[in-house]
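Everything on this sheet refers to the single structure shown next.
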Amino acid sequence: MHNSIVKRRVLTSVSLVAALAALQFCAPLASANDKLIELSKSNENYVMPGRDYNADNYSPDTQISTDNVKDLRVAWSFSTGVLNGHEGTPLVVNGKMYINTPFPNAVFALDLDNPGKILWQYHPKQNPAARSVACCDLVNRGVAYWPGDDKTPSLILSNQLDGNVVALNAETGDLYWKVENSDIHVGSTLTIAPYVIKDEVLVGSSGAELGVRGYVTAYNVRDGAQIWRAYETGPDDEMKLGTDFNSHNPQYGRFGLGTSKTWQENTWKIGGGTNWGWYAYDPGTNLVYYGSGNPSPWNATMRPGDNKWTMTIWGRDVDTGAAKFGYQKTPHDEWDYAGVDVMILSDEKDDSGNVHKLLFHPDRNGFIYSLDRTNGDLFTVGKIDATMNEFKDVNFKNGQPIRDPEYATYMDHQAHDVCPSAMGYHDQAHDSYDPTKQLFYVNANHICMDWEPFMLPYRAGQFFVGATLHMYPGPKGDRQAALGLGQVKAYDAVHKSFKWQVQERFAAWGGSLSTAGNLVFYGTLDGYIKARNADTGELLWKFKLPSGVIGYPMTYEHKGVQYVAIYYGVGGWPAVGMVFDLQDPTAGLGAVGAFKNLQHWTQQGGGVMVFSLNGKSPYTEDVNLDEYSTVKQGGD
């Protein structure tokens with residue numbers, strides 16, 4: 001009996017050891033990606049553009065609500081000391097806020113316990129020649145965070161205008177690694193925010209206005225080694241088309257289309273298709289989603305054909321870069337409708353109760369696309385505004401837009417009143433989505449244009465556009481006063497309908513934040529941050545910022561207090577006339593004329609403004625915080 005008990009205990013012990021060993025070997029250890037997902041679930045963090053991999057800019061925080069938003073006051077602020085346009089939004093991770101700037105692409109870390117003192121700051125030395133090849137101001141759309149592991153510290157990833165990617169120690173700001181991604185000598189710059197998935201950091205490219213051939217690159221986040229690179233034009237292997245590419249939708253096109261079949265001779269080598277917008281990622285499909293931009297040059301007569309695969313929504317396997325699907329929205333783009341706009345993932349229920357895994361994308365061309373994100377099927381296609389006129393509809397059988405030839409552009413012809421303009425009815429705005437309401441909050445433009453192309457030669461590192469533009473408000477705006485250039489709308493993608501909409505004085509360029517407090521926040525070019533009732537659109541609160549807004553708001557909690565933060569700093573394409581002191585209405589690719597009245601509402605200046613209920617902050621809790629000394633009564 002005793003022996004049997006001992007033997008059973010020995011066996012049990014051995015089994016337990018074996019089981020523990022097996023568990024240690026087989027069980028998935030918490031990866032950096034898992035840590036990032038966990039961090040994104042906390043109201044105390046805002047760890048990536050869009051807040052989480054759905055990129056919906058939605059916060060479940062309810063502390064600030066429709067009932068008390070009128071009590072929002074400034075809690076604290078921070079000036080970056082840089083005047084150019086501030087796009088994107090700050091990140092907050094584990095009690096620190098990470099702020100970056102347009103060129104010279106400085107990065108700051110602040111301790112939220114005492115944001116008045118800078119924890120660390122990074123000021124890269126860049127080739128100043130990058131400024132001369134940047135299109136449309138010197139903007140940057142944000143930094144990325146990687147949580148680290150037992151061998152590598154947590155990192156902040158930052159893209160620089162001169163084409164370099166840097167990794168900084170998130171605790172100290174020390175440079176950890178640096179790689180060159182883009183060659184500014186051919187006009188390739190970096191304005192996109194890096195995007196971290198698993199242990200990779202994805203980096204896009206800019207420069208289609210200079211004939212740069214676009215690509216996306218995945219780097220090992222630990223050392224900057226390249227894992228894969230996929231181009232947007234060219235041979236199939238260089239574009240990394242998977243063996244099942246578009247197998248579910250062969251009508252979109254499959255293989256051998258990125259070169260002379262849709263391009264004239266070798267023009268695909270200078271054909272643009274850069275991607276400088278926003279990404280989203282679905283761990284379920286393991287696909288990363290993004291859009292490639294406009295073909296080059298803008299003058300479409302110089303590049304006959306569909307120009308694949310510019311203007312395309314991509315779904316790529318994040319481990320290999322292999323493309324599972326590509327849907328080209330605007331074949332042979334004639335209007336610069338760069339399709340890099342935001343991608344938002346949603347699981348939406350239709351009227352029959354069926355749930356669809358969707359990818360939402362409002363495009364520059366004026367359509368709002370919802371795709372099945374597992375295979376690229378078109379689900380619904382709506383219009384950002386009924387006044388768009390260059391396309392009548394989308395043919396669901398082949399996915400092609402149905403053109404109205406009256407608004408085509410070609411040599412020896414000036415096209416008039418094309419809606420939308422080259423800025424699109426939507427540009428780089430990072431919109432938001434409330435999953436409890438199944439509503440998207442879309443920051444839109446309302447701008448039309450006249451377009452006259454001209455021929456020009458390609459010279460590396462020089463602008464390669466070939467069109468003269470006049471831009472002005474759309475039909476709902478005031479063309480005499482050059483006002484009414486933007487709109488904000490609540491959109492139901494399943495039913496292709498708007499719940500509410502409001503006209504803005506200028507383009508709603510930055511994007512929105514929606515919260516479970518039934519609120520939608522956004523900033524305006526003329527310098528306001530606003531909060532509206534998410535159900536009705538009613539304006540509930542606003543504050544005049546030191547400068548106009550081209551970024552989007554974010555929210556976080558710190559020590560039980562909910563804050564709302566936003567970059568201010570007018571610039572980017574809409575304000576390029578103000579930034580570079582331009583007067584010709586066709587300058588800035590037509591933006592100077594469209595936004596000629598912006599100067600009457602705002603001026604340059606960049607920074608972060610942070611709000612809370614009644615302005616509660618570390619300094620209202622302890623007025624002596626960050627004081628050099630306290631008062632002593634009497635003395636020498």
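Of note:
- Taken one residue at a time, the phi angles of the range 113-118 give Karplus couplings (6.51, -1.76, 1.60, θ = phi - 60°) of 6, 8, x, x, 10, 6 Hz. Gly and Pro are set to x.
- A DSSP coil position with no more than 16 other Cβ atoms inside 10 Å describes the following trypsin sites (Lys or Arg not before Pro) in the range 257-365: 261.
- Note on the range 267-287 and the range 317-378: Cα centroid distance 12 Å, given to the nearest whole angstrom.
- Relative contact order, percent, the range 300-343 [alpha-carbon distance under 8 Å, six or more residues apart]: 41 percent
- Taking amide H positions as modeled 1.01 Å from N, with prolines and chain starts lacking one, the residues under 5 Å from residue 211 and 5 or more places away or on another chain are 464.
- Amide hydrogen proximity for residue 177: with H placed 1.01 Å from N in the peptide plane, the residues at 5 or more positions away or on another chain lying under 5 Å are 167.
- In the chain the longest region clear of GluC sites (Glu not before Pro) that are loop-assigned by DSSP and have at most 13 other C-beta atoms within 10 Å covers 266-537.
- Estimated purely from DSSP H runs of n ≥ 4, each contributing -39500 (n - 2.57), the mean residue ellipticity at 222 nm for the chain is -2500 deg cm²/dmol once divided by its residues.
- J(HN,Hα) series, the range 194-203, from Karplus relation 6.51 cos²θ - 1.76 cosθ + 1.60, nearest Hz, glycine and proline x: x, 9, 9, 9, 6, 10, 10, 10, 9, 10
- Amide hydrogen neighbours beyond the local backbone of residue 540, cut-off 5 Å, H modeled: 531, 532, 533
- Residue-span extension gain [residue 539 to residue 417] - 0.36 nm each, minus C-alpha spacing: 40.7 nm
- Of all accessible heavy-atom area on the chain, the percent that carbon and sulfur account for (1.4 Å): 51 percent
- Taking θ as phi - 60° and the Karplus parameters 6.51, -1.76 and 1.60, the scalar couplings of the range 32-43 work out to 4, 5, 4, 4, 5, 5, 5, 4, 5, 7, 8, 5 Hz in sequence order, x denoting glycine and proline.
- Once you reduce the range 219-257 and the range 512-587 to the center of their Cα atoms, the two points are 36 Å from each other.
- For the residue pairs 96/178; 125/559; 35/125, alpha carbon separations beyond 26 Å are given by 125/559; 35/125.
- Sites matching chymotrypsin sites (Phe, Trp or Tyr not before Pro) across the range 292-400 that sit in DSSP coil, with at most 14 neighbouring C-beta atoms within 10 Å: 396
- Mean sequence separation of contacting Cα pairs (under 8 Å, at least six apart), scaled by the length of the chain, corresponds to a relative contact order of 14 percent.
- Cross-link partners of residue 392 among lysines (Cα-Cα below 17 Å; sequence separation of 8 or more within a chain): 329, 383, 496
- Lysines with Cα under 17 Å of residue 269, excluding same-chain neighbours fewer than 8 positions away: 240, 261, 308
- Inter-site label distance for residue 355 and residue 603 at 7 Å from Cα along Cβ, in nm: 5.4 nm
- Of the trypsin sites (Lys or Arg not before Pro) found in the range 66-134, those in coil by DSSP whose Cβ has at most 12 other Cβ atoms within 10 Å are 117, 125.
- Within the chain: Cβ-based charge dipole about Cα centre, in debye rounded to nearest 20 (Lys, Arg +1; Asp, Glu -1): 760 debye
- Placing dummy labels 7 Å off each Cα toward the beta-carbon, the span from residue 395 to residue 372 is 2.2 nm.
The values are calculated or read from the model by the stated rules, or taken from the named source; none is laboratory data. None of the values given here were measured: they were computed from a predicted structure. Note that we place each Cβ from the backbone using ideal geometry, even for glycine, and neighbour counts take in every protein chain shown. For the accessible areas, the whole protein counts, side chains as well, though only heavy atoms, and no ligand, DNA or RNA atoms are used. Shrake-Rupley method; radii C 1.70, N 1.55, O 1.52, S 1.80 Å.
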